[in-house]
1. With the requirement that a residue be over 14 Å from the mean Cα position of the chain (by Cα), more than 19 Å from residue B:50 (Cα to Cα) and within 14 Å of another protein chain (Cβ to nearest Cβ), what does the range A:1-53 give you?
2. Between a first residue in the range B:14-37 that is free of Cβ contacts under 8 Å to residues at least 12 places away in the same chain and within 14 Å of another protein chain (Cβ to nearest Cβ) and a second residue that is surrounded by fewer than 22 Cβ atoms within 10 Å (Cβ to Cβ) and in a helix (DSSP H, G or I), which pairs have beta carbons less than 7 Å apart while being 6 or more apart in sequence or on different chains?
3. For a quick check of your reading of the model, give me the residue pairs whose first member lies in the range A:5-22 and is over 12 Å from residue A:87 (Cβ atoms), whose second is surrounded by 12 or more Cβ atoms within 10 Å (Cβ to Cβ) and modelled with pLDDT under 95, with beta-carbon atoms closer than 6 Å and at least 6 apart or on different chains.
4. Checking residue B:173 against (1) part of a loop (DSSP other than H, G, I, E, B); (2) in contact with a strand residue (DSSP E or B) (Cβ under 6 Å, 6 or more places away or on another chain), which single condition isn't satisfied?
5. Counting just the residues of the range A:111-124 that are under 17 Å from residue B:59 (Cα atoms) and more than 8 Å from chain B (Cβ to nearest Cβ), which one comes out surrounded by the most Cβ atoms within 10 Å (Cβ to Cβ)?
6. Just name the residue that is surrounded by the most Cβ atoms within 10 Å (Cβ to Cβ) out of those in the range B:207-242 that are part of a loop (DSSP other than H, G, I, E, B) and facing another protein chain (nearest Cβ under 9 Å).
7. For the range A:54-110, list the helices (runs of 4 or more DSSP H) that sit wholly inside it and hold at least 1 residues that are touching a helix residue (DSSP H, G or I) at 6+ places or on another chain (Cβ under 8 Å), within 8 Å of chain B (Cβ to nearest Cβ) and surrounded by 22 or more Cβ atoms within 10 Å (Cβ to Cβ); which are they?
8. Suppose the filter is farther than 30 Å from residue A:102 by Cβ, in the same structural domain as residue B:159 (by TED's automatic domain parsing) and at pLDDT 95 or above; does residue B:223 pass it?
């Protein structure tokens, strides 16, 4: 299975039905911090250039808010595609964050749900 | 009194104690007894979206099994609903049923619980299905009703300018959301029933930055500014929330947002249940404002409005 097939299989999403309208990128609240827009990421999955996506920060910046999916006219769950990309990276490389990276002062005030959800998205 | 199984989750017992203290008290006032699950574990916190990994979906399913067990033990009778305050808990518990609609995943999950029982103990029986997760907002809307809430108001929040904020996980995706994902009205309706003046917040369904608050505070600071500045400019005096993570970001990250954007004035952030506790005339201890859990102290505002 090549990488593009892997993304499709882990996400379960039919990326080929995307017609590049851009509504996902327009709806994305964290687009300002991304290298590639969600629309560009979907296009790169379509053409099979996953390595190019891996050079970007887009799938790490996605905060899983489901705005793109809520508005996609093709009903593609782009949030799941971002998760698949994160998972492939995490299973191949090492964790993106360690507990020791977080300042002690922050650990005192951060809600447990912030820590656990972050670790669920950035560690394998 | 309607007795409903209640799943607390970690947040409302730690950084969001003000949410559950006020919430459980107003539930009782409105004729709902929230019966805590005798046994529960982490909800899984964030929906796990990969198709090929059953492990990370087990936590919420296990909690649904515990609701099943409450019925078997007779703690509740034929009650397949489970209530939660936290949006993240609600989302994962609700999502678990959707995940199990796939027969292959259901089978694998059943096999896991079977094997677990065999080797290390665990739940006595697998999940039979049919346990329904309810966000407490749904309880207020569908079981209690806005009219009943309005009838019970002892201290109307007259003249208090409140801007609601929903965040993501109670609204999206559509198949999980408790209201229209683009134009929700539950919080507005509740606040109107309490007599408050609702201020429009165009970003009330936008993401708060979520778990990026751990390692990308810069992103959260921008979003906090974006989510607060419009209601602040429209004269809002308090932001009302329903999710403990949104609340933390909107409240505590105002410090970072204020450094980036000097025009942001501090504004208190409260759970809708706290305002309900005030309006329904409960004791001050149920307001949850004295627990040191707020970054921006709401007390000066409440005192100025004769609500404290």
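1. Answer for the range A:1-53, where residues must be over 14 Å from the mean Cα position of the chain (by Cα), more than 19 Å from residue B:50 (Cα to Cα) and within 14 Å of another protein chain (Cβ to nearest Cβ): A:23, A:26, A:27, A:32.
2. B:14/A:112
3. Pairs that qualify, where the first residue is over 12 Å from residue A:87 (Cβ atoms) and the partner is surrounded by 12 or more Cβ atoms within 10 Å (Cβ to Cβ) and modelled with pLDDT under 95, are A:12/B:51.
4. Single failed check for residue B:173: (2).
5. A:119
6. Checked the range B:207-242; the qualifying residue surrounded by the most Cβ atoms within 10 Å (Cβ to Cβ) is B:210.
7. Per the criteria, A:67-71, A:78-92.
8. no
The values are calculated or read from the model by the stated rules, or taken from the named source; none is laboratory data. Because the structure is predicted, anything quoted here is derived from the model rather than measured. Here Cβ is always computed from backbone atoms with ideal geometry, including for glycine, and neighbour counts include all displayed protein chains.
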